[in-house]
C-alpha cells in the first residue's frame, strides 16, 4: 500500500510539473508575441496582438462555437473510426504472414502519396459534407495506429509464446490472450499520435471544400483580412487538440494500469 501511495504521489508530482512547464511556456510565448507586435508596430491585419485576439474570441464566441462543433465532430468520428480500422488491420496483418507480405507494401506505398493531395478527390467522391472530412482524418491517422500496433504485436516476448505453445494454446487463443494484451502499449502510443494528427486531417478537408467548420472559418476570415478572427479560431483548435491528446493519454494510462 505504501508503494502504491508513493507511486500515486510521484505521478501527481509529475503532472503538476508538466502543467507548470506548459503554463510557463505558454506565458513565455505570449510575451514574445506581444513584444513582437509592440516593437515592430506591425499592422493588426498582419499580426494582431494577444489582447485583440482574446477580445475577438469573446465577441465571436457564438460564431466560433458553431463552427467548432462541426470540426470537433469530424475529428472525434475520424479518430474513432481510424483507431478501430487500424487496430483490426494490425491484428489481421499479424495473424497471417501471407496477408502481411501482400498488404505491407501497399500500406507503405499509400504513405508515398501525400495525404493533402487526396483532399480534392475525397471532396469529389464524398461531397462537401462531413464525410469527406471524416475520411480525411481517418486516412491521416490510419497508418500511425496500424504501424504502432502491428510493431507491438510482432514483438511479443518469445518466451511467452513458447510457453503458450507447450501448454497447447491455439493460435487464436495465443493471439487473443497473450499477443494483443502485450501489444496494448503500442496501440496506446499510436492512438496518442492519432489524437494530434486527426485535427490536421479535418482542417485540410475543410480548406479544400466546406461550408462549416473551423478550417472554413479561418479561410473566410483570411479572405476578409480578419486576422484576429483567424487567430481566435486557430487558438480554439489548438486548445481542443491539446485537451484531446491529454484525455486520450489519461485514458490510455488508466486502462494500461488497470490491465497490469
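Considering segment 221-236, the residues that are part of a helix (DSSP H, G or I) and in contact (Cβ under 8 Å) with a residue 60 or more places away in the chain include one that is surrounded by the most Cβ atoms within 10 Å (Cβ to Cβ), namely 233. Residues that are outside any loop (DSSP other than H, G, I, E, B) and surrounded by 15 or more Cβ atoms within 10 Å (Cβ to Cβ) within segment 37-53 comprise 37, 50, 52, 53, listed in sequence order.
Among the residues of segment 92-117, those that are under 22 Å from residue 198 (Cβ atoms) and free of Cβ contacts under 8 Å to residues at least 12 places away in the same chain comprise 108, 112, 113, 114, 117. Within segment 77-118, being more than 16 Å from residue 153 (Cβ to Cβ) and either outside any helix (DSSP H, G or I) or touching a helix residue (DSSP H, G or I) at 6+ places or on another chain (Cβ under 8 Å) (or both) holds for 77, 78, 79, 81, 82, 110, 111, 113, 114, 115, 116, 118. Looking at segment 119-133 only, could you name the residues that are free of Cβ contacts under 8 Å to residues at least 40 places away in the same chain and either part of a helix (DSSP H, G or I) or in contact with a strand residue (DSSP E or B) (Cβ under 7 Å, 6 or more places away or on another chain) (or both)? Result: 121, 124, 125, 126, 131.
Only one entry in 239, 178 is free of Cβ contacts under 8 Å to residues at least 12 places away in the same chain, surrounded by fewer than 20 Cβ atoms within 10 Å (Cβ to Cβ) and in the same structural domain as residue 120 (by TED's automatic domain parsing), namely 239. The set of residues in segment 197-218 that are closer than 13 Å to residue 130 by Cβ and part of a helix (DSSP H, G or I) comprises 201, 202, 205, 206, 215, 216.
The values are calculated or read from the model by the stated rules, or taken from the named source; none is laboratory data. These numbers were taken from a predicted model, which means no experiment stands behind them. Neighbour counts are summed over all protein chains in view; Cβ atoms, including those assigned to glycine, are modelled from backbone coordinates with ideal geometry.
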